[in-house]
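Worksheet: one structure, shown below.
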There are 2 protein chains.
Amino acid sequence: MEFDLFKLVRKEMELVEQSLYQHVNTSEQVLSEASTHLIKAGGKRIRPGFALLVARMYRDDIGYAIPLATALELVHMATLVHDDVIDNSEVRRGTGTVKRLWGNRVAIYAGNFVFARALDLIASYNRQDILEVVADASMKICQGEIEQMLSCFNVNLGLKNYLRRIERKTALLISLSCQVGAMLSTSNPKEIEALRRYGYDLGLAFQITDDILDFVADEATLGKPTGSDIRQGVITLPALYALHHDARRDELAQLLSSPQACQDNTQYIIDIVCESDGIEYAYSVSQHYAHRSKRHLAILPDTPVKETLLELADFILTRDY
Amino acid sequence: MEFDLFKLVRKEMELVEQSLYQHVNTSEQVLSEASTHLIKAGGKRIRPGFALLVARMYRDDIGYAIPLATALELVHMATLVHDDVIDNSEVRRGTGTVKRLWGNRVAIYAGNFVFARALDLIASYNRQDILEVVADASMKICQGEIEQMLSCFNVNLGLKNYLRRIERKTALLISLSCQVGAMLSTSNPKEIEALRRYGYDLGLAFQITDDILDFVADEATLGKPTGSDIRQGVITLPALYALHHDARRDELAQLLSSPQACQDNTQYIIDIVCESDGIEYAYSVSQHYAHRSKRHLAILPDTPVKETLLELADFILTRDY
């Protein structure tokens, strides 16, 4: 997702960037350094971007949304740094992970620390309803992470399990970003709900395209090797399709069930999946959710921000594979 | 600390126990099982006990404090389960850790999950001030954990570093329990502050006596082997005293600096510390804090609960070594 899709809130995005650095600063040097590294490692700040865009729908001055947008990115960072410990990841976005540079122990505490900081920022709003949806999303994300872990190398799980996994991996936090951006800015429950659903469906579409890219993009584009999911036993939608519809499905099931086979035959597995209609099928499902995300916006007045939110969905619809 | 010191709130302690089980129940079975194991592994529920006792100072019906007391124990459990991953601990309170039974990955997510559950419970009060002190304590606890990690096998750190470590390890959460128990029950800022300080000093005294027990108690009493701190390179007050005042301080410094020497010579190190005045010195420091904790209560009216809080401090003063 291109950063300039957030051009309507560019000034505020820069303030979020400053706010991130400011809020991980602490007297404990190692913690500050590890957390600062997490911020520097980048990312597209999609979650703050959505929260700010949604706020901009309702107000010109959206300074009030900066702490919330910062908190959303910190929650996201907390999940990433723990995931790197869990997955034993050495590299993320082309740079060494906190886990590799400081070790598992610092990575676990750094995750807890930035999450607590996020809470502190959310506390400043004195909004029970916002805290409740954040806590609820956090619990569901943990559940989804466990589910993903248990699903690895399991070829007997279907579409429902896949959708639940990507919901919790991506859709929930993007949905939350849109929802709380709206909750801070309007009291219209129908619009808040429409924006929550928009974020949810867009998040699903976004994760499905990401899962496709893991099969078809090159390493430079991904910032990590192609086929990472296969190697980790994460069975995504293209593979799921091939497992059910390809002539070589029995062979594929045998390969995907075995951690060793997934390591040794990654390219062969990718080839089977790409030669099935798995990519096309996954693409059509992502299109379905991207279209549906746009429809949720119908009840909102036509404004430049709404235009941008629609463009963000179009971006997924036209993403280059 | 004996459980019957919480006899004035026994009924509510049982409700907290039920509430704990109820709140870790989730559709993700592994997460429920691991979290339930954490609860079953026990502990004295000191933090809920303090929150409930403090609430009982002000009201007869303290049902309103049950979710808060539950949340405090969940926060404590979250720190324990992550600590077990960090310290690679196989046994806690005489039973296998989540880390050993389910692995590091489930342990990390279970910690995040119970913390998020705690948040959800705290959110129900709609009290910004309470959320702020919880978030603040959570951040400081992470900082202290990093500090403890960095301090391991370092014989050049002094009393100030030790006090900061035990503050964050124990005093902050006991202090928080007293403080938020009061914040829920009274609007008198002087009394809230007195109870916060009481918990803080009592927490320090309690941790110092725990650190003494690691030198002098037997394995059955501790629920883990004597000398665990030494083996992990955690230099506590008795050792700190010996490092500065014992005739064999140079030899001791050399031993305590080396992870291998700490493994191979645990009993010899314990002997040096016990033959110095380290235990007596640490005992006198814990007495200092226990006495100070009692003095904070002077401004509170004399009631059966105040009597119990004083007895809790006396319990530390007379703890059997």
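Each reported figure results from applying straightforward, stated rules to the coordinates on display, with no laboratory input. Remember, predicted model here, so these are calculated numbers, not experimental data. Reconstructed Cβ throughout: ideal geometry from the backbone, glycine too, with neighbour counts over all protein chains shown.
Points worth noting:
- When each of A:7/A:99; A:169/A:224; A:140/B:224 is checked by Cα-Cα distance, pairs over 29 Å: A:7/A:99; A:140/B:224
- At q = 0.13 Å⁻¹ the log10 of I(q)/I(0) for chain B amounts to -0.97, computed by Debye summation with a single uniform scatterer per C-alpha, solvent ignored.
- Shape summary of region B:189-321, radius of gyration then Dmax from alpha carbon positions: 17.2, 54 Å.
- Counting only Cβ charges, +1 for Lys and Arg and -1 for Asp and Glu, the dipole size of the protein assembly as shown around its Cα centre is about 1160 debye.
- The Cα atoms of region B:177-241 cover 46, 26, 17 Å along the three principal axes, with the biggest extent listed first.
- Region A:160-310 - charge dipole about Cα centre, Lys and Arg +1 at Cβ, Asp and Glu -1, debye rounded to 20: 840
- Site pair residue B:187 and residue A:60 shows an inter-label distance of 3.9 nm when each label is modelled 7 Å from Cα along Cα→Cβ.
- Long hydrophobic helices in chain A, taken as whole DSSP H segments with a C-alpha length of 30 Å or more on their own axis and mean Kyte-Doolittle hydropathy at least -0.5: A:66-87, A:128-151, A:189-216.
- The local environment of residue A:113, defined by Cβ-Cβ distances under 11 Å, has a net charge of -1 under the rule Lys, Arg +1 and Asp, Glu -1.
- Simple Cβ-charge dipole of chain A, Lys/Arg +1 and Asp/Glu -1, about Cα centre, in debye nearest 20: 720
- Projected label points at residue B:18 and residue B:253, each 7 Å from Cα along the beta carbon direction, are separated by 5.9 nanometres.
- Amide H partners (placed H, <5 Å) of residue A:26, local residues excluded: A:32
- Taken over region B:1-126, the alpha-carbon convex hull comes to 99 cubic angstrom per residue.
- Residue list for region A:218-257, given a label point 7 angstrom along the Cα-to-Cβ vector of residue A:264 and an amide N cut-off under 18 Å: A:230-233, A:251-257
- Hull-based mean projected area of the protein assembly as shown, where the convex hull spans the alpha carbons, in square nanometres: 29.0
- Residue B:132/residue B:271 FRET efficiency (R0 45 Å; Cβ-Cβ; nearest 0.05): 0.45
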